[in-house]
Amino acid sequence: MQKVGIIGVGKIGGSLLLRLAESGEFELSASDIHKEQLGAFEKAGVNTVSSNLEVAERSDLVFVAVKPWDVGMVMEEISPAMIPEGGKAVASVAAGVTISNISDRLPAGAAVLRVMPNVCASVGLGSAVVTANDAGRERLGEVMGIFRHVGDVMELPERLFDAATALHGSGPAYVALFADALIQAGVRQGIPRDVARRLVVETIGGTAVLLKDRSAHQVRDEVMTPGGTTAAAFVAMEKAGFVGAVHDGIEAATEQARGLGG
Ligand SMILES: NC(=O)C1=CN([C@@H]2O[C@H](COP(=O)(O)OP(=O)(O)OC[C@H]3O[C@@H](n4cnc5c(N)ncnc54)[C@H](O)[C@@H]3O)[C@@H](O)[C@H]2O)C=CC1
Ligand SMILES: O=C(O)[C@@H]1CCC=N1
């Protein structure tokens, strides 16, 4: 059985850990600085341990899912277990923390990977991109296989990771923002809140399915009757700078990711 460890069992680490535990395919260990968070995972059959180093010692593949500013300290803690001859690899999901930020804290030649997932992993509908240093390349398939348990996975060069973080890492929050705005707008037009919410949620889910095999332009054109309601809405939204605001948001998030590595 593959030995997988997770350090930090919050929103991302915890979602991955639960799905891997459900699959029954892995021998799992986990640690978290807030030990009270480990109980649920222990019940799911995970070995919960009290030190990050112990997770690394017990695992062939270690996922670090702590906040970006905590990654350096965790790498220093697990460094003694990460000698290249040990056959271990570490994968970080932290925004903005580069492979070189990480490998600087580990023995020379350590296998290091980065993954950028999103919170839709918690319902098995995540998307993730993966990259690796030279020593970690042979583990790419393994890491991609693990993230397939929580959604879609692609390889992406590290130079595009900050942009991908901005696009899909933060993406669910933008969709939620848009959903909230739509619901409020429906309420303003007199639709009861619970009805508006249901209509908007189904619309977003249904559109996501349509977009799997159609371009965004195709969907737009199928909806937009010449001289009709959708065209009127598009003109009003564009006058308010909707598309420009999306571009500005992605640019700001990309820049923010660049600054998080420290
Ligand atoms: N939340 C999201 O939607 C996404 C988050 N990420 C990245 O995933 C990482 C984790 O984010 P979340 O899961 O949202 O955070 P979180 O706060 O939910 O989870 C982090 C966990 O790490 C634990 N922790 C903190 N310091 C630790 C230490 N020294 N040793 C062991 N455990 C420690 C915390 O107690 C907590 O349970 C971040 O680096 C973030 O950039 C990436 C993509 C999406
Ligand atoms: O907001 C953040 O910094 C993290 C990274 C991507 C999603 N959440």
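None of the figures in this text is laboratory data; all of them are computed from the coordinates on show. Every value quoted in this text rests on a predicted model; they were computed, and no experiment measured them. No Cβ is skipped: glycine too gets one built from the backbone with ideal geometry, and neighbour counts run over all protein chains shown.
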Task: Gyration tensor verdict on region 120-169 (Cα atoms; rounded if a/c is under 1.5, prolate if a/b is larger than b/c, oblate otherwise) - done: oblate
Open item on the list: Compute a Gaussian network model of the chain, connecting alpha carbons closer than 10 Å, and tell me which residue from GLY145, GLY190, GLY87 fluctuates the most.
Closed with: GLY190
Open item on the list: Students often forget the sequence filter, so: which lysines lie under 30 Å Cα-Cα from LYS11 once same-chain residues fewer than 8 apart are removed?
Closed with: LYS3, LYS35, LYS43, LYS67, LYS88, LYS212
Open item on the list: Test of the criteria: in region 65-100, which GluC sites (Glu not before Pro) are in a DSSP loop and have at most 15 other Cβ atoms within 10 angstrom of their Cβ?
Closed with: none
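Given R₀ = 41 Å, what would the calculated FRET efficiency be for GLU155 paired with ASP70, taking r from the Cβ atoms and rounding to 0.05?
Values: r = 26 Å, r/R0 = 0.64.
Efficiency computed from Cβ-Cβ geometry: 0.95.
Using the Kyte-Doolittle scale, which helices in the chain average at least 0.0 and also have C-alpha atoms spread 24 Å or more along the helix axis, with helices defined as whole DSSP H runs? If you can, show how the numbers build up before the last one.
Working: long enough: 171-188 (26 Å, 0.95); 193-210 (25 Å, 0.54); 242-260 (27 Å, 0.16).
The qualifying helices are 171-188, 193-210, 242-260.
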Open item on the list: I need to check one value: relative contact order of region 2-90, counting alpha carbon pairs closer than 8 Å and at least 6 residues apart, in percent.
Closed with: 33
Task: 222 nm mean residue ellipticity, helices alone, for the chain (DSSP H n ≥ 4; -39,500 (n - 2.57); rounded to 500) - done: -14500 deg cm²/dmol
Open item on the list: Quick check: pseudo-label points 7 Å beyond the Cα along Cα→Cβ at LYS11 and ALA245, how many nm apart are they?
Closed with: 2.1
- [ ] Before anything else, pin down the relative contact order of region 2-161: Cα pairs under 8 Å, at least 6 apart, normalised by residue count, whole percent.
- [x] 19
Open item on the list: Please arrange MET224, MET154, MET1 by how many other C-beta atoms lie within 10 Å of their C-beta, fewest to most.
Closed with: MET1, MET154, MET224
Task: Gaussian network model of the chain, Cα within-10 Å springs - most flexible of ARG214, ARG139, ARG148 - done: ARG214
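For a Förster distance of 41 Å, can you work out the FRET efficiency between the beta-carbons of ARG137 and ARG220, rounded to the nearest 0.05?
Details: r = 40 Å, r/R0 = 0.97.
Efficiency at R0 = 41 Å is approximately 0.55.
Only four residue types carry charge here, +1 at the Cβ of Lys and Arg and -1 at the Cβ of Asp and Glu. Report the dipole size of region 171-260 about the Cα centre in Debye, rounded to the nearest 20. Could the numbers behind the result be given before it?
On the way: 9 positive and 10 negative charges, 48 e Å.
Using Cβ point charges on Lys, Arg, Asp and Glu, region 171-260 gives about 220 debye.
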Open item on the list: Can you classify the chain as rounded, prolate or oblate using the Cα gyration tensor, where a ≥ b ≥ c are the square roots of its eigenvalues, rounded means a/c under 1.5, and otherwise it's prolate if a/b beats b/c and oblate if not?
Closed with: prolate
